[in-house]
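Remarks on the structure that follows.
The values are calculated or read from the model by the stated rules, or taken from the named source; none is laboratory data. Keep in mind the model is a prediction, meaning the values are calculated, not measured. Because the Cβ atoms are built from the backbone with ideal geometry, glycine has one as well, and the counts that use them run over all protein chains shown.
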């Protein structure tokens, strides 16, 4: 989680997160260009057992901060703490991508894959459709192996973006869309979320952060094991979004998202598989009764209603 506090004034809250074993991303955004500030705030955080990473620059490309500002902040952090990674968040413009990411151990993208209201632009932030995510994924591939991408998904309302909290289904759709397009981790923005969203995040986290799903999402991204996009005949990427990962053990993980707010898909989700499947091993996420193999194992078929904002992960054994 990302608490909006720092040491010393936020020490009691950060200490509580350590006590309950809740990892946090340490927020240095407000003062990361002031290297004295960075040093003063990092020193007391270094030994926290709950520290997951540092977060320095938030959309430095959108604010047109100096190219070297994220790198200078990371250098100060490295002298005090050579072990925890440093994150930089970019917006969805491809604006001096290489220069701004030089100061990052991993990259976060401030794009929301879904919205309960119509897509709009506010400053430099966009509420994109899956197609725009795919374009952003292509731009980031040159940095992926060195700087694996994470995505902050909204767990809030207000601030001019969300008239209400996302529903659990919307939250799950955003998370799976992010994984389908190359994310290897999710950071919920912000802490604390509502009890409903906390439970929703926890339910999905138990699946994606554990074997077998984690082995695909983290272990295979993306030499060629995945995620690899799959086009569904007759449906565009804004109507159905599908990706797959291949494992070294003869298994295939397929992730399916219906990103529509209103449009159910009944009987028209037929996914042509890259290789023939012998059987469905399990459905780690979603309705187990919905999915069947057809066409002698060459097609994964949704046999019923894959409703709006539905999500699924299906594990297949290959022939």
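Looking only at residues in segment 223-281 that are outside any loop (DSSP other than H, G, I, E, B) and farther than 24 Å from residue 308 by Cα, the one that is nearest to the chain's Cα centre (by Cα) is 226. Determine whether residue 75 is free of Cβ contacts under 8 Å to residues at least 60 places away in the same chain, surrounded by fewer than 16 Cβ atoms within 10 Å (Cβ to Cβ) and under 15 Å from residue 41 (Cα atoms). So residue 75 fits the description; yes. Checked across segment 107-124, the condition of being at pLDDT 85 or above and assigned by TED's automatic domain parsing to the domain that holds residue 181 holds for at least one residue. Just checking, which of 9, 49, 59, 18 is under 23 Å from residue 190 (Cα atoms) and without any contact (Cβ under 8 Å) to a residue 24 or more places away in the chain? So the residue among 9, 49, 59, 18 that is under 23 Å from residue 190 (Cα atoms) and without any contact (Cβ under 8 Å) to a residue 24 or more places away in the chain is 9.
Results for (1) touching a strand residue (DSSP E or B) at 6+ places or on another chain (Cβ under 9 Å); (2) crowded, with 22+ Cβ neighbours inside 10 Å; (3) over 26 Å from residue 205 (Cα atoms), shown as yes or no for each residue.
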site: 250; (1), (2), (3): yes, no, no
site: 253; (1), (2), (3): yes, yes, no
site: 261; (1), (2), (3): no, no, no
site: 270; (1), (2), (3): yes, no, yes
site: 296; (1), (2), (3): no, no, yes
site: 305; (1), (2), (3): yes, no, no
site: 315; (1), (2), (3): yes, no, no
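For the subset of segment 226-236 comprising residues that are touching a strand residue (DSSP E or B) at 6+ places or on another chain (Cβ under 8 Å) and closer than 19 Å to residue 266 by Cβ, which member is surrounded by the fewest Cβ atoms within 10 Å (Cβ to Cβ)? In this case the residue turns out to be 233.
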